[in-house]
1. Assess whether Arg42 counts as being surrounded by fewer than 17 Cβ atoms within 10 Å (Cβ to Cβ), in contact with a Phe, Trp or Tyr (Cβ under 7 Å, 6 or more places away or on another chain) and at pLDDT below 90.
2. Could you tell me whether region 58-75 includes any residue that is within 26 Å of Ala110 (Cβ to Cβ), surrounded by fewer than 15 Cβ atoms within 10 Å (Cβ to Cβ) and modelled with pLDDT under 80?
3. Identify, from the list Thr87, Thr97, Thr93, the residue that is crowded, with 16+ Cβ neighbours inside 10 Å, in contact (Cβ under 8 Å) with a residue 12 or more places away in the chain, over 30 Å from Val14 (Cβ atoms) and of a type in the set (Ser, Thr, Tyr).
4. Just the residues that are of a type in the set (A, V, I, L, M) and touching a strand residue (DSSP E or B) at 6+ places or on another chain (Cβ under 7 Å), please, taken from region 110-134.
5. Any chance region 120-135 includes a residue that's within 22 Å of Lys20 (Cβ to Cβ), in a strand (DSSP E or B), among the β-branched types (Val, Ile, Thr) and modelled with pLDDT of 90 or more?
6. Search region 1-25 for residues that are modelled with pLDDT under 85 and pair each with any residue that is of a type in the set (Gly, Ala, Ser) when their beta-carbon atoms are under 9 Å apart and the residues are at least 6 apart or on different chains.
Amino acid sequence: MERGQINIEYLRDVIIPQRKTEIENGKNLGTAQPIYVVMNMREHIAEGHELYISGTNLKDKEPVCGYLDADLDLDSQEVREFDSKMTDPIPVTKFYTDYPVAFFLTAKAADEYLKYQAHNLSKDAYVYAFYSGYRNVEMDNFLNNG
């Protein structure tokens, strides 16, 4: 098979039966034409507490307000509660964003990827089911939903 060619046999023998099984078992029943995406989480730190950042990730991981001690070297700093022993406390907010890493046609393949690539992902990585888009004619025809 040449590079860039679709492996029709794999699609027919593996992907389509797996999607059918997942749909029959109620996996993401409310998501038309699911596309399974492995999402990774990235941690950010912003100075200040007055900026409450919500809705920055699909997993709803909440931001955390705390302090950094500016007198410590960077490797020793961590966001924590205020401590009177801090010599130069800086108020900060730790928040999380997510981003897509890999896309799959079956939940099984996405879950397997999450396991075998765990060493390359954050501990908060997860699988999210997106849909291919309202009235996406190409996917409707591809998945025989048209």
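1. no
2. No.
3. Thr93
4. Selection gives Ala110, Leu114, Leu121, Ala125, Val127, Ala129.
5. yes
6. So the pair list comes out as Arg19/Ala107; Glu22/Ala107.
The values are calculated or read from the model by the stated rules, or taken from the named source; none is laboratory data. Just so it is clear, the model here is predicted, and its values are computed rather than measured. Virtual Cβ from ideal backbone geometry, glycine too; neighbours counted across all protein chains shown.
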